[in-house]
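Down below is the structure, laid out as structure tokens.
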Amino acid sequence: MKHIISVVVRNNSSVLARVSSLFGRRGFNIDSLSVSTTQDPHISRITVVINGDENSLDQVVKQTTKLVDTISVTALCADNTVARELLLVKVLVQDSDEIRRVVAMCDLYGAIILDIGSDGTMIAELTGTSAKIDEFVAELSAKGKISEVCRTGITAMERGRQA
């Protein structure tokens, strides 16, 4: 089962290495990792997506909480979480008809065209759930148009006020 874990840490050097190596030592493959500073530049939020059972999740949360720079660790519940991912995708287009078809698909999914190159490429941006991004990429791939894909991984936040 996939789990999203939010780790709030002091923004010190090597903290990301310590957190990610802890997951590796516990046998978890990290499916997604997203890191950024918060509203306080001295604090960062690390969002990690892993596969595992509930017992293993509890153990990794407890171990991560013990790290020196950890402020808080939360296993996010899917029902009470907003989770998004960012996609940049480069699509090959040979003529104006293909451009129109890709633009129509982007409109359908809510993607934004960032660049139309003179070399027959377009770059689009899409933000959404992983499922929505997977579906969009599959649609483009089915038409044989994708040249390059870059995804940020999931970033997530619990709904409502937290204590």
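Quick notes
- A Cβ-based charge dipole, computed about the Cα centre of the stretch 77-163 with Lys and Arg at +1 and Asp and Glu at -1, lands at about 260 debye.
- Sequence-distant residues sharing a close amide H with residue 146 (under 5 Å, placed H): 92
- With respect to the chain, whose longest principal axis is taken over its alpha-carbon atoms, helix 15-25 is tilted by about 90°.
- When semi-axes √(5λ) of the Cα gyration tensor in Å is computed from the coordinates, the matching label among (1) 22, 20, 13; (2) 23, 20, 16; (3) 36, 16, 15 is (3).
- Between residue 14 and residue 61, residue separation times 0.36 nm minus the direct Cα-Cα distance comes to 15.0 nm.
- Only protein atoms count toward the accessible area here, which uses a 1.4 Å probe; on the chain, the carbon and sulfur part of that area reaches 51 percent.
- Full-extension gain in nm, residue 113 to residue 54, via 0.36 nm per residue minus C-alpha separation: 17.2 nm
- Lysine pairs within the chain, Cα separation less than 20 Å, 8 or more sequence positions apart or different chains: 7
- Normalised by the number of residues in the chain, the average gap of Cα pairs under 8 Å and 6 or more apart makes the relative contact order 27 percent.
- Net charge of Cβ neighbours under 12 Å - reference residue 46; Lys, Arg +1; Asp, Glu -1: +2
- Taking a Cβ cut-off of under 13 Å around residue 94, the surrounding Lys, Arg, Asp and Glu residues balance to a net charge of 0, with basic ones at +1 and acidic ones at -1.
- For the stretch 54-163, the list of trypsin sites (Lys or Arg not before Pro) that fall in a loop by DSSP and count at most 10 other C-beta atoms within 10 angstrom reads 66, 161.
- Listed values for the stretch 140-146 are Karplus-derived 3J(HN,Hα) couplings in whole Hz (6.51 cos²θ - 1.76 cosθ + 1.60, θ = phi - 60°), namely 5, 5, 4, 8, x, 9, 6, and x replaces Gly and Pro.
- Sequence of 74, 47 when ordered by accessible area, the most exposed leading, probe 1.4 angstrom: 74, 47
- Label-to-label distance for residue 40 and residue 139 is 4.2 nm, based on points extended 7 Å past Cα in the beta-carbon direction.
- Rounded tilt (10° steps) of 96-109 against the dominant C-alpha axis of the chain: 30 degrees
The values are calculated or read from the model by the stated rules, or taken from the named source; none is laboratory data. If you're wondering where the values come from, they're calculated on a predicted model, not measured in any experiment. For neighbour counting, all protein chains shown are included, and Cβ atoms are generated from backbone atoms with ideal geometry for every residue, glycine included. Protein only, heavy atoms only, side chains kept; ligands, DNA and RNA dropped before computing areas. Shrake-Rupley method; radii C 1.70, N 1.55, O 1.52, S 1.80 Å.
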